[in-house]
Amino acid sequence: MLEMKENSVPRTTTDVVFENLHNDIVSLALLPGAKMSEAEVAARMGVSRQPVRDAFNRLAHMDLLSIRPQRATRVRGFSAEKIANARFVRLSIELEVIRRAHSVWDDAKAAVLDRQLDIQRAAIDAGDIGEFHALDYDFHKAIFDLGGHPLAFDMVVQCKQPVDRLCVLSLGDKDELSHVFADHERIANALSRGSVEQLEDVTRQHLSRLDATIRAIREKHAEYFE
């Protein structure tokens, strides 16, 4: 039975169904190619079929579901072309934002990232991959916010959507978490004490970390790709 959590912003049944299914897809609880049925989801969540249909349409609009008449609805696979384009756009945006953040960085802003790094370190020590994945999102968003360009992060979120599931696969063990955390430390240090050139270099290295993972996943799980 679907539970409606209390929230200051009213949510519809469609919102809750969407959030649950979106989390399942992005976390890879539902793998690419998995079949989905309106009737089955409605019965499992204890809702009518209409909010499920609406949630399916929202997920399809995000390229996370493939809905075709008279055929099974499936979780969409990865698109190499869309991933490459999204990552190019994200890199372009982040490089410009960090350059601007560097010009206004101060001790108070550095302290915010230091606190985030402490929380990330605790998540690694606990082996909490899901928590670290959420904290990775928070870290990048904080740089946009502190740098004075919070609305630009909306574009990054759009760029992240095609690769979020791959990010989950790339954060599959503690060693990989530690590598990403070390990148975050270098970015924070470069913002506080490094040159713009150093900051750009470490940001490029950090955002290119998925390249090898994408290649490895395509070789090992070609069925995940369209």
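Any read-out appearing in this document is the output of simple, stated calculations on the displayed coordinates, not a laboratory observation. Keep in mind the model is a prediction, meaning the values are calculated, not measured. Ideal geometry is used to build each Cβ from the backbone, glycine not excepted, and the neighbour counts take in all protein chains shown.
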Hey, how many Å between the Cα centroid of segment 97-175 and the Cα centroid of segment 31-95? 25
Ignoring trypsin sites (Lys or Arg not before Pro) buried by more than 10 other Cβ within 10 Å or outside DSSP loops, the longest site-free run in the chain is 72-226
Return the sequence-ordered ³J(HN,Hα) values of segment 46-57 in whole Hz as given by the Karplus equation 6.51 cos²θ - 1.76 cosθ + 1.60 applied to θ = phi - 60°, using x for Gly and Pro. x, 10, 6, 6, 4, x, 5, 4, 5, 5, 4, 5
Gaussian network model of the chain, springs between alpha carbon atoms under 10 Å - residue of Gly127, Gly148, Gly46 with greatest fluctuation: Gly46
Per the helix-only calculation at 222 nm, which mean residue ellipticity applies to the chain, given -39500 (n - 2.57) for every DSSP H run of n ≥ 4 and division by its residues, nearest 500 deg cm²/dmol? -22500 deg cm²/dmol
When only C-alpha pairs under 8 Å and at least 6 residues apart count, what is the relative contact order of segment 106-181, in percent? 38
For Leu207 and Ala126, FRET efficiency with R0 = 35 Å and r from the beta-carbon atoms, rounded to 0.05? 0.85
Skipping prolines and chain starts, which residues have an amide H placed within reach, meaning under 5 Å, of the one on Phe78, given they are 5 or more residues away or on another chain? Phe225, Glu226
For P(r) over Cα pairs in 10 Å bins from 0, in percent, with candidates [x] 8, 35, 35, 17, 5, 1; [y] 8, 31, 28, 20, 11, 1; [z] 7, 28, 32, 23, 8, 1, the value calculated from the shown model is option [z]
Connecting C-alpha atoms closer than 10 Å in a GNM of the chain, tell me which of Ser27, Ser48, Ser66 has the biggest fluctuation. Ser48
Given a 10 angstrom Cα cut-off, can you work out which residue in Val163, Val75, Val16 is the most mobile in a GNM of the chain? Val16
Amide H neighbours of Ala34 under 5 Å, counting only residues 5+ apart in sequence or on other chains, H built in-plane at 1.01 Å? Val75
Between Ser92 and Ala43, what's the calculated FRET efficiency when r is the beta-carbon distance and R0 is 30 Å? Round to 0.05. 0.10
Each residue of segment 13-20 in order: what ³J(HN,Hα) in whole Hz does its phi give by Karplus 6.51 cos²θ - 1.76 cosθ + 1.60, θ = phi - 60°, with x for Gly and Pro? 4, 4, 4, 5, 4, 4, 4, 5
Karplus 3J(HN,Hα) series, Hz, for segment 178-195 with 6.51 cos²θ - 1.76 cosθ + 1.60 (x for Gly, Pro): 5, 5, 5, 4, 4, 4, 4, 4, 5, 5, 4, 5, 5, 5, 7, 10, x, 7
